[in-house]
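Values in this text are rule-based calculations from the coordinates and carry no lab data. Only a predicted model underlies this, so the values are computations on that prediction, with no experimental measurement involved. Counting neighbours? That spans all protein chains shown, and the Cβs are built from the backbone with ideal geometry, glycine included.
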Amino acid sequence: EVQLVESGGDLVQPGGSLRLSCSASGFTFSNYGMHWVRQAPGKGLEYVSGISSKGDNANYVDSVKGRFTISRDNSKNTLYFQMNSLRLEDTAVYYCVKDDGGTYDYWGQGTLVTVSS
Amino acid sequence: EVVMTQSPLSLPGPLGQPASISCRSSQSLVHSNGNTYLTWFHQRPGQSPRRLIYKVSNRDSGVPDRFSGSGSGTDFTLKISRVEAEDVGVYYCMQATLWPRTFGQGTRVEIE
């Protein structure tokens, strides 16, 4: 059974940093691209970032470029998301999502990041 | 950025009646490899999104056959042949043909 378990969400002040983790199991992690999608409270889904299976190619939505970094450790079956210079508008539930060849088949339960002073 | 526009944004679905959600993209979603990466998700209150339909019309295992997806190019539709109580929630379309990936605004289905 595929499982994606996010962790690391917390309350942080504007300008602060957080690192999210997503622990994967039930599939061969190193064979699949992975993504982060977020959802602000009461709002819709927003694609944030993705990384290739080997970790050699990453993409970001413009609003997080230069502030957030996606990475992965295939030996640990773990996806990471380093979030720096956090802003109020980054407040959201962050989902870890598995990429099944261009379509996203499994989602984690999400981890809440709250940016507030 | 590809803009995904869903309509309607709210759908009061009478039990047992059909329902239809439109998703239009600002650019063609046909990839250079010939695939069209248009996916439909369903999100129930308090839950993570669940994939229903991928590559326009492929239904996920376990998804009832009353759900169907169709369309091509820039114009796509999710149909529910007979709305049931468990179908309540928000439906999103998403494109993964072009970067950055983008979602529609979501369509809320409420059961009358």
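Structure data summary
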read-out: Whole-Hz couplings from phi, Karplus 6.51/-1.76/1.60, listed for the range A:43-56; x for Gly and Pro; value: 10, x, 7, 10, 5, 10, 6, x, 9, 5, 4, 8, x, 9
read-out: Cα centre as origin, Lys/Arg/Asp/Glu Cβ charges: chain B dipole, Debye; value: 220
read-out: Projected label distance in nm at residue B:7 and residue A:112, using a 7 Å step from Cα toward the beta-carbon; value: 3.6
read-out: Extension gain, residue A:17 back to residue A:84 (0.36 nm per residue minus Cα-Cα distance, nm); value: 23.7 nm
read-out: Cut-off of 10 Å, at most 16 other beta carbons, DSSP loop: longest stretch of chain A lacking such trypsin sites (Lys or Arg not before Pro); value: A:1-42
read-out: Size of electric dipole in the protein assembly as shown: Cβ of Lys, Arg +1 and of Asp, Glu -1, about Cα centre, debye, nearest 20; value: 240
read-out: Simple spin-label estimate for residue B:81 and residue B:32 in nanometres, 7 Å along Cα-Cβ; value: 4.0
read-out: Pair residue B:111, residue A:100: separation of 7 Å Cα→Cβ label points (nm); value: 2.5
read-out: Prolate/oblate/rounded call for the range A:1-49, Cα gyration tensor, a/c under 1.5 rounded; value: prolate
read-out: Calculated SAXS-style log₁₀ I(q)/I(0) at q = 0.13 Å⁻¹ - chain A, Debye, Cα scatterers; value: -0.44
